[in-house]
């Protein structure tokens, strides 16, 4: 969960372009929390303030919190259709397969007691907006990676599971980096985010991998960072410094749910 926020904040200056290297300053003046962090926090708060075993109760609370936090931070870089959804309570899910479902999903994998539950909660968290099968698939794949990583599975086991159930991962970052471009679809960014973790050597390296691709840097950073947190943990200095880039209300919301979910 915090790994997703760190990846988002670090990647925020590179959302639309990158020099395709890994030598950039990790935190810098242009960093900020974007929609990735805000919606991750909304999912986490919804899980602890609802009966998350009850789909209707969880989704009602999630929709309320997404709109509450989203409208309180209306300049966070939302996509056009999601912004319309935030503004209009009469709008329902809009069949999106964008990567917004995958960027916000990490709390589901931390509160879940089984892999199946992680994938089910991921589906429920996605479909309030991203009810296209690819939008759901992307969220489930990231949640599955996190659940498997935090439960001691090896990178090979995680990769095998994703390839058997979700995406072909038969590529390397070096192969795709020269031509990879900004892509906000799940199918065009979730496999890449997973590979950024699989090729990493530690937490920071996973985030640097994500940003070096030169695509949707903050969101791929959030996905890679979320998985890397579950596998490696987060260096204490990064875990502390990221809060310098969050508004006070976001810190309060994060603290409201984080201990409960991490210790569940």
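The set of residues in region 244-253 that are within 19 Å of residue 43 (Cβ to Cβ) and either surrounded by 12 or more Cβ atoms within 10 Å (Cβ to Cβ) or in contact with a strand residue (DSSP E or B) (Cβ under 8 Å, 6 or more places away or on another chain) (or both) comprises 246, 247, 249, 250, 251, 253. Among the residues of region 121-154, those that are buried (at least 24 other Cβ atoms within 10 Å of the Cβ) and closer than 11 Å to residue 100 by Cα comprise 125, 126, 129, 130, 135, 138, 139.
Return yes or no: is residue 51 at pLDDT 95 or above and surrounded by fewer than 20 Cβ atoms within 10 Å (Cβ to Cβ)? Considered against the rule, which asks whether it is at pLDDT 95 or above and surrounded by fewer than 20 Cβ atoms within 10 Å (Cβ to Cβ), residue 51 comes out as yes. Per the listing 240, 256, the residue uniquely modelled with pLDDT of 95 or more, surrounded by fewer than 16 Cβ atoms within 10 Å (Cβ to Cβ) and assigned to a helix (DSSP H, G or I) is 240.
Entry remark, region 217-230: residues being modelled with pLDDT of 95 or more and farther than 13 Å from residue 143 by Cα number 4 in total.
Okay, residues lined up against (1) under 21 Å from residue 263 (Cβ atoms); (2) crowded, with 24+ Cβ neighbours inside 10 Å:
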residue: 39; (1), (2): no, yes
residue: 44; (1), (2): yes, yes
residue: 58; (1), (2): yes, no
residue: 61; (1), (2): yes, no
residue: 75; (1), (2): no, no
residue: 82; (1), (2): no, no
residue: 93; (1), (2): no, no
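The values are calculated or read from the model by the stated rules, or taken from the named source; none is laboratory data. Note that this is a predicted model, so its numbers are computed, not measured. Quick reminder, even Gly has a Cβ in these numbers, built from the backbone with ideal geometry, and neighbours come from all protein chains shown.
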